[in-house]
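**Q** Following this message is one structure expressed as structure tokens.
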Amino acid sequence: MWGGSKLSCSGNRFLGVVISRYRGTQTECTRLITSAVYSENQFSWTPQTKPWVFSEYRIMWFKSYRMTFACLNRIKIYRYPWTRLYSTSRTTVDSSEVKTFLALAHRWWDEQGIYAPLHSMNDLRVPFIRDNLLKTVADHQPGKPLSGMKILDVGCGGGLLTEPLGRLGASVTGIDPVDENIKTAQHHKSFDPILDKRIEYRACSLEEIVEETTEAFDAVVASEVVEHVIDLETFIQCCCQVLKPGGSLFITTINKTQLSYALGIVFAEQIAGIVPKGTHTWEKFVSPEKLESILESNGLSVQSVAGMLYNPFSGYWHWSENTSLNYAAHAVKSGVQDHPVPDEFVFKGETEELRGQDSTNAGAQEELKK
Amino acid sequence: RGMMGQKAVLGGVWLPSTSSAKQQRHDTHFCDKKILLLEAGPKKVWEKLPETYSNRVSSISPGSATLLSSFGAWDHICNMRYRAFRRMQVWDACSEALIMFDKDNLDDMGYIVENDVIMCALTKQLEAVSDRVTVLYRSKAVGYTWPYPFPMTDSSPWVHITLGDGSTLQTKLLIGADGHNSGVRQAAGIQNVSWNYDQSAVVATLHLSEATENNVAWQRFLPSGPIALLPLSDTLSSLVWSTSHEHAAELVSMDEEKFVDAINSAFWSDANHTDFIDSAGAMLQYAVAFLKPTKVSARQLPPSVARVDARSRMSFPLGLGHAAEYVRPRLALIGDAAHRVHPLAGQGVNMGFGDISSLVHHLSAAAFNGKDLGSMSHLTGYETDRQRHNTALLAATDLLKRLYSTSATPLVLLRTWGLQATNAVSPLKEQIMAFASK
């Protein structure tokens, strides 16, 4: 089964983005998806076995401020009560971001090309992920330190980070909403028979993974992704849902400071051309404090936050105390299954009871807001 | 015929390639990588150590010995034969100046090992790891297909090698260790800065007149070129005499007695001394003794030679070479393929071992970071590392060779005083020894 998405019909090229895909119908899907991306025609909906998806799409349209409402009526809506604890009714994929990345989809693997800074960022992020994951195991196979681990790489792009993790022995699933990226990634890994087996790519969004599986992954990696999503809260919730208890979430992103505007947007994009123009929007940058609070409120305890600095002259990244530009964060999902607030309250000591009470209040307030 | 997917292929005929294969296998991060060694020659197996010594020997520095022992080859060498030396005397034929390298703490300065012994030790170790390292003897690569710098659709991103028998291999990383006429380097189109010295080296195995402790390496700079005597055993030493092509041809063909006389007089004769230089040298020596009234080493004479092993005389031409680039995407050059040096400093094979050590270090770190082994990012790290070290050594060796090839008085004076001064300054000598032992 595949589903197409409805497109705006009022002239702005708003691209429907959430496209689920099952194995086996890939070619049909790619054709549809490509045409979905470029054309402005509408497609009819073929509702089948996952009806609550449609209500999600409906709500996606409500929440996104860029949409036009003209074609809402043409979507068939099936209302079903959902029994999930967290609401996955909002999508996190920003279609305008998709468009930006689409234009550069074939340039991923040129190590000296526009994605060179991301290639060299692997020197920091792969050890960061590897070492923190190795802490959770007693011993490891030499040569394949991450073997036996299941990792989800959200927003994998061309597979720049997915392939090193695969080489280290992990079974990696890389997902990206831009189909061209997935095609590039598939093509690149196809030459290496070992990687071909260890890595699986899918052109889909995080929400679709959430629907299919819960608590399946030892680690979720969202590197250079959270500054591109619409709704960070939902994104983190989804990450938490697919993580096993005790699993790790790795995020690298850009801080929202004046310095990051000056260097990250003005210098990097407009003056020096280190980053393609229009890649980043300063409003969507996330400060470590905000990220930490969202993580903690979703039951992920932050283990470390470290700053990263890029030297545009040497092309290398360095770790730094300073998190005002780029930074990396590592959080671990708490080991208990249920909503974290009551458990914190029950199991921890006296001083933490107070903290537990505070978070219960905060949690209650959030629920009231919803 | 078939395509074998390999992780790293070494095209090599010489010591460094075999030891590189060994070292890579040994490193834990390479556990699941497959290594293939293409060897043009036949497999060299000895049932028993031959009694006669081979005439090609190498001076192995302590650093290289450490490398060899790290993957178990040094033990095999110890079980066969080698000779440690503790002191080295280097002196001029045109003056009294000399420099004596001496390790106070009784450590060995280096080891003289026959090339055949090293090869045999490495071959034995390779057999021990044959599950990961495959060796194809008598195989020669005839064609290479290099990958594009970034992936193009439908073209393989790996290196393809065609062998003489028609089969093809593909690999993520090709290491070229095929000597100074490297076919890999030529096929890749890497520029090589090289020139031939107008010199050939004559090698021979010599019997000493009387058995001595024989743990000193001797080298004298004659105007025609340096002559060196390297200890092999209590009664045997190896000769390396770099001289002009004509003189080398003469030496190889002259009869044994004349040859022995030539060697002895080369070491002992003071015919090239001039009074002027002698007095100038003596002057500096007094000054040094005045400022630094510690022990002043007197010039010693090497042991005299009685006879030479029949059929052990041979000569080969010398030159300098340095590749402009050591690495390309999915290609790395090591050993003589990357650099070729005059034997006067005994550093050629040690530079090769240093290359291996550095390359393995960089590849290991890359493998632990999950990187594609043929990626330029860490290969350029290896290149920078080694080019810095090797260029300095090559330049120094070339300079020494040119400086000592003349008997023009100003230069002789310069080098006499220079040598005496260096001999007097112990920290400087220690620095030189440390650099050479890495």
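**Q** Kindly list the number of the only condition in (1) within 22 Å of A:ALA105 (Cα to Cα); (2) small (Gly, Ala, Ser); (3) buried (at least 19 other Cβ atoms within 10 Å of the Cβ); (4) within 14 Å of chain B (Cβ to nearest Cβ) that fails for A:GLY169.
**A** Among (1) within 22 Å of A:ALA105 (Cα to Cα); (2) small (Gly, Ala, Ser); (3) buried (at least 19 other Cβ atoms within 10 Å of the Cβ); (4) within 14 Å of chain B (Cβ to nearest Cβ), A:GLY169 violates only (1).
**Q** Now, a different point. Output the residue which, of all residues in the stretch A:172-181 that are out of contact with any Phe, Trp or Tyr (no Cβ under 6 Å at 6 or more places or on another chain) and not in a helix (DSSP H, G or I), is farthest from the other protein chains (Cβ to nearest Cβ).
**A** Within the stretch A:172-181, the subset out of contact with any Phe, Trp or Tyr (no Cβ under 6 Å at 6 or more places or on another chain) is A:172-173, A:175-177, A:179-181.
Imposing the further condition that a residue be not in a helix (DSSP H, G or I) reduces the set to A:172-173, A:175-177.
Numbers: A:VAL172: 10, A:THR173: 16, A:ILE175: 19, A:ASP176: 18, A:PRO177: 22 Å.
If we take residues in the stretch A:172-181 being out of contact with any Phe, Trp or Tyr (no Cβ under 6 Å at 6 or more places or on another chain) and not in a helix (DSSP H, G or I), then A:PRO177 is farthest from the other protein chains (Cβ to nearest Cβ).
**Q** While we're on this one: Tell me yes or no: at least one residue of the stretch B:324-342 is within 30 Å of B:SER95 (Cβ to Cβ) and surrounded by 24 or more Cβ atoms within 10 Å (Cβ to Cβ).
**A** yes
**Q** Please enumerate the residues belonging to the stretch B:46-79 that are part of a loop (DSSP other than H, G, I, E, B) and either within 21 Å of B:LEU239 (Cβ to Cβ) or touching a strand residue (DSSP E or B) at 6+ places or on another chain (Cβ under 7 Å) (or both). Full working, then the answer.
**A** So in the stretch B:46-79, the residues part of a loop (DSSP other than H, G, I, E, B) come out as B:46-56, B:61, B:71-72.
Result: B:PRO50, B:GLU51, B:THR52, B:TYR53, B:SER54, B:ASN55, B:ARG56, B:SER61.
**Q** Please give the number of the condition A:SER324 fails out of (1) modelled with pLDDT of 85 or more; (2) more than 24 Å from the chain's Cα centre (by Cα).
**A** For A:SER324, the exception is condition (2).
**Q** Just one of (1) assigned to a helix (DSSP H, G or I); (2) within 18 Å of the chain's Cα centre (by Cα) trips up B:MET88, so point out which.
**A** (1)
**Q** I need a count of the residues in the stretch A:109-135 that are within 9 Å of chain B (Cβ to nearest Cβ) and in contact (Cβ under 8 Å) with a residue 12 or more places away in the chain.
**A** 7
**Q** If I ask for residues that are hydrophobic (A, V, I, L, M, F, W, C), part of a helix (DSSP H, G or I) and under 15 Å from A:VAL172 (Cα atoms), which ones from the stretch A:182-213 would you list? Reasoning before the result, please.
**A** Filtering the stretch A:182-213 down to residues hydrophobic (A, V, I, L, M, F, W, C) leaves A:182, A:185, A:191, A:194-195, A:199, A:203-204, A:206, A:209-210.
Filter once more, so that each one left must be part of a helix (DSSP H, G or I): A:182, A:185, A:194-195, A:206, A:209-210.
Answer for the stretch A:182-213, where residues must be hydrophobic (A, V, I, L, M, F, W, C), part of a helix (DSSP H, G or I) and under 15 Å from A:VAL172 (Cα atoms): A:ILE182, A:ALA185, A:ILE194, A:LEU195, A:LEU206, A:ILE209.
**Q** Give the residue that is surrounded by the most Cβ atoms within 10 Å (Cβ to Cβ), with candidates limited to residues of the stretch B:362-383 that are more than 10 Å from every other protein chain (Cβ to nearest Cβ) and closer than 16 Å to A:PRO142 by Cα. Give the derivation first.
**A** The first filter runs over the stretch B:362-383 and keeps only residues more than 10 Å from every other protein chain (Cβ to nearest Cβ), leaving B:362-364, B:374, B:379-383.
Subsequent filtering for residues that are closer than 16 Å to A:PRO142 by Cα retains B:363-364.
Working: B:LEU363: 28, B:SER364: 17.
Of everything passing the filter in the stretch B:362-383, B:LEU363 is surrounded by the most Cβ atoms within 10 Å (Cβ to Cβ).
**Q** What is the number of the single condition among (1) in contact (Cβ under 8 Å) with a residue 60 or more places away in the chain; (2) more than 30 Å from B:TRP218 (Cα to Cα); (3) aromatic (Phe, Trp, Tyr) that B:TRP91 does not meet?
**A** Unmet condition: (2).
**Q** Have a look at A:ILE151, A:ILE236 and point out the one that is over 17 Å from A:ALA105 (Cβ atoms), touching a residue at least 40 places away in the same chain (Cβ under 8 Å) and within 14 Å of chain B (Cβ to nearest Cβ).
**A** Working: A:ILE236 fails: within 14 Å of chain B (Cβ to nearest Cβ).
None of the others qualify; the one that does is A:ILE151.
The values are calculated or read from the model by the stated rules, or taken from the named source; none is laboratory data. Quantities reported herein were computed from a predicted structural model and do not represent experimental measurements. When we count neighbours, we look across all protein chains shown, and the Cβ atoms used for this are built from the backbone with ideal geometry, even at glycine.
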